[in-house]
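As structure tokens, the structure follows; a few thoughts come after it.
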């Protein structure tokens, strides 16, 4: 399992995603590591809404990485979807699979997780030939767009101006250190804000009170 992606390998960093996938398919580990580095933030972006709603951040990120590795090893450049599109589908599919498995095992925290972002996944966005993962299945989404938007709107109304700003950056996949540098605060203050946001999300989920937007 991969754990650190701070520096992409220099000799492959300039290559396109598609070129790197071809190299990775031929067994080039450096090419695979470069793609892992390049898309680590996307994994965080996909996993973080579930973390805010009660999941374990490290576990979800690691599971998202499994989805990314699957995308790297199975990507077919002959299909119409870009690698980034395919990677996001694989990452999200892996996270949903973990959530379903967790629900079956009655791990209530993850079972109650919901996606707080509203990805523009449309039934016409991807070609049917890309992979079965590219087929939109409403059951893959834990709540629909309107429900998601209402929940997020309700949570934001409970946040301070600082917390709302942190939430935006956090859902974009920035690390606490990156957010701290952006807003001019300490990483500890950012982490504290994230924990306060988590508590407010939990309260919103428990109460079942959603804004009508």
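Worth pointing out:
- For residue 46, the conditions (1) closer than 17 Å to residue 195 by Cβ; (2) buried (at least 21 other Cβ atoms within 10 Å of the Cβ) are fulfilled apart from (1).
- Failed item, numbered, when residue 190 is tested on (1) closer than 21 Å to residue 60 by Cβ; (2) at pLDDT below 95; (3) in contact with a helix residue (DSSP H, G or I) (Cβ under 8 Å, 6 or more places away or on another chain): (2)
- Scanning the stretch 14-54 for residues that are within 14 Å of the chain's Cα centre (by Cα) and part of a loop (DSSP other than H, G, I, E, B) returns 39, 53.
- Residue 142 falls short on exactly one of the conditions (1) modelled with pLDDT under 95; (2) assigned to a helix (DSSP H, G or I), and that condition is (2).
- Residue match in the stretch 55-68 (condition: part of a loop (DSSP other than H, G, I, E, B), within 19 Å of the chain's Cα centre (by Cα) and either modelled with pLDDT under 90 or exposed (fewer than 15 other Cβ atoms within 10 Å of the Cβ) (or both)): yes
- Yes/no for residue 8 being modelled with pLDDT under 80 and either surrounded by 16 or more Cβ atoms within 10 Å (Cβ to Cβ) or in a helix (DSSP H, G or I) (or both): yes
So that you can scan it fast, the table gives a plain yes or no per residue for (1) at pLDDT below 75; (2) farther than 28 Å from residue 74 by Cα:
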site	(1), (2)
108	yes, yes
123	yes, no
131	yes, no
154	no, yes
158	no, yes
176	no, yes
179	no, yes
195	no, yes
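The values are calculated or read from the model by the stated rules, or taken from the named source; none is laboratory data. Since the structure is predicted, the reported quantities are computational estimates derived from the model, not experimental observations. Ideal geometry is used to build each Cβ from the backbone, glycine not excepted, and the neighbour counts take in all protein chains shown.
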